[in-house]
Amino acid sequence: MKVEWVPLGDLLSRAGTATAVNQTSVYPTLGVKSHSRGAFDSGELQGVDTAYATLTQVRGGWVVYPKLMAWEGALALVPPELDGRWVSPEFVAYEVASDALSRGYLAHLISWVGFIDWVREGSAGTNVRRRRLQPAAFEAIRIPLPSRSDQDRIATHLTTLSTGQLGTRSDRLLEMSHRDWPGEQLLVGDLVDSVTRRDKPTPDGTYHMQGVRWYGEGLFTRETRAGSELNGAVYRIEPGDLVYNRLFAWKQSFALATSPGWASNEFPTFRVNTDRVPPRVLLAALLSPRFTAAVNSASTGSTPTSRNRLKERDFVTLPITIPRGQDQAAIERSLALIDQIRPLTKRSEAIASALLPAARNEIFSAMR
């Protein structure tokens with residue numbers, strides 16, 4: 001494959017016009033993540049709330065980067081869904097100005113670790129955290145440029161890897177399990193009984209202290225402590241217990257225990273009334289959007305986010321929709337299948353996420 005080496009300045013042109021900020025306007029903005037993770041919707045900016053005198057509107061297909069963070073791989077092509085977003089004067093934008101360069105090829109090239117090395121070399125500043133990539137330095141970077149047909153072939157191959165061809169995405173499975181199932185409305189207290197197994201730690205004992213991950217990701221061992229290191233009581237968790245984190249119930253911190261453990265009094269524990277509902281079906285209802293909204297309304301604290309707690313007395317009085325008895329067995333089987341598939345899907349996603357950078361490195365390094 002024949003490859004030319006061409007300065008970016010010969011292929012791109014500066015784009016975007018600085019526009020004066022109108023204090024009465026609202027500007028949907030764009031950000032760029034570090035480590036080649038792409039552009040993202042960074043929310044709306046009220047004109048009256050910004051100290052910037054100007055903002056620049058960017059278009060789909062443009063290359064954008066913040067001068068300060070480019071050295072960390074904060075470069076991206078603007079995707080179509082973020083067309084028309086606004087960026088601050090700290091950003092630089094370019095459009096492809098030559099038919100010799102494929103946008104798809106460019107998108108993968110600027111995400112390649114070798115390209116980020118060139119960006120680091122071109123960034124300057126007084127210390128490692130304050131280095132900026134000025135436009136002249138960016139435009140001076142020489143890139144490998146195969147024929148247009150070879151670029152398109154490379155882009156198609158790498159894009160196929162990046163779209164995750166290894167199976168259903170785990171977030172889709174999460175959506176399938178955390179849904180609002182139809183059924184009858186009850187109170188949580190109709191379906192669970194509170195249990196408190198309060199123990200005093202023994203000095204020579206070992207205690208696996210548990211936490212509850214957000215978004216229904218289950219219990220985990222936060223730390224293992226000797227009894228001599230613990231002050232006050234600990235609370236025993238048994239397999240089958242329903243456990244939640246008072247502080248982060250609003251982030252769907254509910255779980256079913258599968259092994260014994262210990263926790264602080266921040267983790268209320270319950271036994272599920274299995275005559276009324278299978279535990280896994282109840283957990284799905286607790287993770288549903290409808291119940292999460294109820295939790296958010298019932299959680300109280302000194303701030304609206306990090307200190308909101310769901311008190312146990314409020315939890316048991318919350319309304320919850322439970323599938324009717326004739327539907328519960330089929331739903332439980334579906335949830336069990338999803339639970340089996342999700343770890344495999346996450347593993348395939350991890351492999352796919354490692355495969356793409358490796359493929360980029362193999363392809364672009366061979367052009368050197």
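The single condition among (1) of a type in the set (Val, Ile, Thr); (2) within 19 Å of residue 333 (Cα to Cα); (3) modelled with pLDDT under 95 that residue 272 does not meet is (3). Candidates 80, 28, 66, 7: the one that is surrounded by fewer than 16 Cβ atoms within 10 Å (Cβ to Cβ) and within 23 Å of residue 139 (Cβ to Cβ) is 7. Residues in the stretch 230-239: is at least one touching a residue at least 24 places away in the same chain (Cβ under 8 Å), surrounded by fewer than 23 Cβ atoms within 10 Å (Cβ to Cβ) and of a type in the set (Asp, Glu)? Within the stretch 230-239 (the criterion being touching a residue at least 24 places away in the same chain (Cβ under 8 Å), surrounded by fewer than 23 Cβ atoms within 10 Å (Cβ to Cβ) and of a type in the set (Asp, Glu)), the answer is yes, since at least one residue qualifies.
Residue-level analysis places residue 366 outside the set of residues that are surrounded by fewer than 15 Cβ atoms within 10 Å (Cβ to Cβ), of a type outside the set (D, E, K, R) and either modelled with pLDDT under 90 or under 30 Å from residue 233 (Cα atoms) (or both). Report yes if some residue within the stretch 301-322 is over 19 Å from residue 194 (Cα atoms), at pLDDT below 90, more than 27 Å from the chain's Cα centre (by Cα) and in the same structural domain as residue 220 (by TED's automatic domain parsing); otherwise report no. No, every residue in the stretch 301-322 fails to be over 19 Å from residue 194 (Cα atoms), at pLDDT below 90, more than 27 Å from the chain's Cα centre (by Cα) and in the same structural domain as residue 220 (by TED's automatic domain parsing). Among the conditions (1) surrounded by fewer than 23 Cβ atoms within 10 Å (Cβ to Cβ); (2) over 23 Å from residue 200 (Cβ atoms), residue 254 misses just one, which is (1).
Here residue 74 does not fit the description of being assigned by TED's automatic domain parsing to the domain that holds residue 12 and surrounded by fewer than 16 Cβ atoms within 10 Å (Cβ to Cβ). Of the candidates 102, 98, the single residue that is more than 23 Å from residue 161 (Cβ to Cβ) and among the hydroxyl-bearing types (Ser, Thr, Tyr) is 98.
Listed by position, the strands (runs of 3 or more DSSP E) inside the stretch 124-202 whose residues that are surrounded by fewer than 17 Cβ atoms within 10 Å (Cβ to Cβ), modelled with pLDDT of 95 or more and not small (Gly, Ala, Ser) number at least 2 are 184-187, 192-195.
The sole residue among 280, 276, 246, 271 that is in a loop (DSSP other than H, G, I, E, B), surrounded by 14 or more Cβ atoms within 10 Å (Cβ to Cβ), touching an Asp or Glu at 6+ places or on another chain (Cβ under 6 Å) and assigned by TED's automatic domain parsing to the domain that holds residue 291 is 246.
For the stretch 295-309, the count of residues that are outside any strand (DSSP E or B), touching a residue at least 60 places away in the same chain (Cβ under 8 Å) and aliphatic (A, V, I, L, M) is zero.
The values are calculated or read from the model by the stated rules, or taken from the named source; none is laboratory data. Quick caveat, the model's predicted, so the values are computed rather than measured. Cβ coordinates were reconstructed from backbone atoms using ideal geometry, including for glycine residues, and neighbour counts include every protein chain displayed.
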